[in-house]
Amino acid sequence: MSAASETQAAPTPARARDRRALARQAHAWLALLLLGSCIASLAIGASGASLWSALWHMASGEPLSQLERVVLFDIRLPRTLLGLLVGAALAVSGTVLQGLFRNPLADPGIVGVSAGAGLGAIGAIVLGASLPAAIREVAGMYLVPIAAFAGSWLSVMLLYGVATHRGRTSVATMLLAGLALTALTGALAGILVYAADDQQLRDLTFWQMGSLAGATWSKILTAGPLILLALLGAAFLGRALNGLAMGEATAMHLGIHVQRAKNLAVLAVAAATGAAVAVSGGIGFVGIVVPHLLRLATGPDHGPLLINAALLGGALLIWADVAARVIIAPAELPIGIVTAVLGAPVFLWILLRRRGVLDL
Amino acid sequence: MFAMRSRASGALLTALSAALLAVMGAMTPAQGDNAGQPGVLSIGGSVTEIVYALGEGDRLVARDTTSTFPVEARALPDVGYMRALSPEGVLSVSPGLILSEDGAGPPETMEVLNASGVEIVTIPSVETGPGIADKIRRVGDALDVADKADALAANVEAEIAAARSRAEDLAGDAPKRVLFVLSMQGGRVMASGTGTAAASIIELAGGVNAVTEFEGYKPMTDEAVSRAEPDVILMMDRGGDHAIANEVLFGMPAFQPTPAAETGAIVRMDGLFLLGFGPRTAKAVTDLSQHLYGS
């Protein structure tokens, strides 16, 4: 951290401009990358349906074949949008939590999101069949996503309630209570796993490894607004998180409403990751890797960082999904495997190259 | 500092372009085969087996991961595990008809496949002897070979009835208690209770399921295993080094006090053959009863 603290202690105007310029440049590059990713995701897939010939058909007014219509509009387009939303949600949540906890290892798991969502999903998979018919009728195939979202939201709110005392939230309490809550939900999930039959266990394993294969328009229409709202909220956290990096007291003296920032951060993270996990299952690593890569490349200023994280997170997850669906086509890999296999070595390599500079 | 950072972003770009290249390379062989008449995608091991038994195997264009018999089936493209299918993967093999065992999913995938206009016929899964004939007839109807299916179904029904009565004769009035062990992961015995395919096949082969206290497959404590007093241990043959050696198994505290350990009675059979409830079930019943009682 020596180099970083040097720059912080004596920020020469030239250097500050450099970094800001680089971060702003990154906006454009990453937006371009994201756009390219979206096009690639629409064009690449296991079936022979071609985006270009479909576009040509549309431009010349010819009707699309049923295969083209289904593959492009009911499969690839919702998958691409869902990948974009989920990737952005996970990356921004990771950035916000790492800033809030001043801990480079923080990810949505630390505030109980993963454990709560997992418990909800297991509950729906195992107990779903014994619910009253009326509830099953209404929830239909969205029972698991609904339960996963409810589980993650409830656990974050519980944790937040525990950590907030006399209107002040203790970040340390939240961290420790998160460990306890994760252990507790893990035990409850264990009881359900014990009661589960073979098929339910198999369903559960696949859910935990995550997938965008179940992308439907109704999932995007329900999860999308929630994630966008949360991302919008998170975008206002830049200054507060920069202040918090120097400690809560300093942040307060800088005129930052620390408690308000905490409220907003926790709400945004709970909504974004809760919705993301609910529609895509457990996708690890994006929330850790993206913010770190960006901080290494463009510096720790949270203002541009949050925007860059959303762009890079979306692009990364879209690419992971493209890989997931073509590597063993016509079958498909769970995307959680792909993000870890692609992400972990790159991350490790960058860490090793910068061993001397970093002191995590 | 600045140089370091641009190097890190360079690394990021390199990694992304490497991923891009890998993906581009992987997508080339995945083109769907649109030539000829639309074929059949078979999902579920026993459904695939029935298609081949009906002599219609050459109409298949793809299969799922659970379809491993006969050997010809393994040469077909694999669309993945039947409960985690990807809609585009399924469409990429251009099926005209999807023959699917009950429980294929996830539901979102099935919804998209329905919307794509592909005909989907769902075959209820059975775990009892009499259900097999019905399953064969349904597959036959879907493939427009009802005559062949009727003949095969009648044949299979007669064979199972014959195998069953032979097995009962062999067992006489001293049926053996059989414990089906699904897995021994980490030394923990996962055994079959009532209402499973394993319980059905044990009854058909003239044995008695040693466990009646619970339904489905559950982990059992060492004491519960010895209290079940199995005369024979039945396991799936996993081949290779996955199988636990007989001496090791019977040396475990759970199995040491059982009658099976005294005689060293352990039977291993192929999982799909034993539990698939397809055209080969009569043979499986005969094999199992011969293993239990000698021929």
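The values are calculated or read from the model by the stated rules, or taken from the named source; none is laboratory data. On a predicted model such as this, the values are computed, not experimentally measured, just so you know. Backbone-built Cβ (ideal geometry, glycine too); neighbour counts: all protein chains shown.
Quick grid of which residues meet (1) in contact with a Gly (Cβ under 9 Å, 6 or more places away or on another chain); (2) crowded, with 23+ Cβ neighbours inside 10 Å; (3) assigned to a helix (DSSP H, G or I):
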{"position": "A:Leu119", "(1), (2), (3)": "yes, yes, yes"}
{"position": "A:Val138", "(1), (2), (3)": "no, no, yes"}
{"position": "A:Leu143", "(1), (2), (3)": "yes, no, yes"}
{"position": "A:Ala148", "(1), (2), (3)": "yes, yes, yes"}
{"position": "A:Met157", "(1), (2), (3)": "no, no, yes"}
{"position": "A:Gly161", "(1), (2), (3)": "no, no, yes"}
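When we screen B:Phe273, B:Phe255 for residues that are more than 14 Å from every other protein chain (Cβ to nearest Cβ) and either in a helix (DSSP H, G or I) or free of Cβ contacts under 8 Å to residues at least 24 places away in the same chain (or both), the only hit is B:Phe273.
Looking at this structure, is B:Thr14 surrounded by fewer than 20 Cβ atoms within 10 Å (Cβ to Cβ) and modelled with pLDDT of 55 or more? Judged against the criteria, B:Thr14 is a match. With respect to A:Gly287, determine if the residue is in a helix (DSSP H, G or I), touching a residue at least 40 places away in the same chain (Cβ under 8 Å), away from chain B (no Cβ under 14 Å) and surrounded by fewer than 20 Cβ atoms within 10 Å (Cβ to Cβ). When the stated conditions are applied, A:Gly287 does not pass them. Restricting the first member to the stretch A:175-190 and to residues that are among the acidic types (Asp, Glu), and the second to residues that are surrounded by 19 or more Cβ atoms within 10 Å (Cβ to Cβ), no beta-carbon pair is closer than 7 Å while six or more apart or on different chains.
Criterion applied to B:Val71, B:Val47 was being away from chain A (no Cβ under 14 Å), surrounded by 20 or more Cβ atoms within 10 Å (Cβ to Cβ) and out of contact with any Pro (no Cβ under 6 Å at 6 or more places or on another chain), and the one residue passing it is B:Val47. Checking each residue in the stretch B:196-230 for being touching a residue at least 40 places away in the same chain (Cβ under 8 Å) and of a type outside the set (A, V, I, L, M, F, W, C) picks out B:Thr196, B:Ser200, B:Gly206, B:Gly207, B:Glu229, B:Pro230. Cβ separations smaller than 7 Å between residues 6+ apart or across chains give the following pairs from the stretch A:329-355 residues that are without any contact (Cβ under 8 Å) to a residue 12 or more places away in the chain to residues that are charged (D, E, K, R): A:Ala331/B:Asp78.
Residues in the stretch B:192-222 that are within 19 Å of B:Ala260 (Cα to Cα) and either outside the structural domain of B:Leu249 (by TED's automatic domain parsing) or of a type in the set (D, E, K, R) (or both): B:Glu203, B:Asp222.
If the condition is being part of a helix (DSSP H, G or I), within 10 Å of another protein chain (Cβ to nearest Cβ) and of a type outside the set (Val, Ile, Thr), then the stretch A:42-71 contributes A:Ala43, A:Gln66, A:Leu67, A:Arg69.
In the stretch B:74-107, the residue that is nearest to A:Asp198 (Cα to Cα) out of those that are within 7 Å of chain A (Cβ to nearest Cβ) and free of Cβ contacts under 8 Å to residues at least 12 places away in the same chain is B:Pro107.
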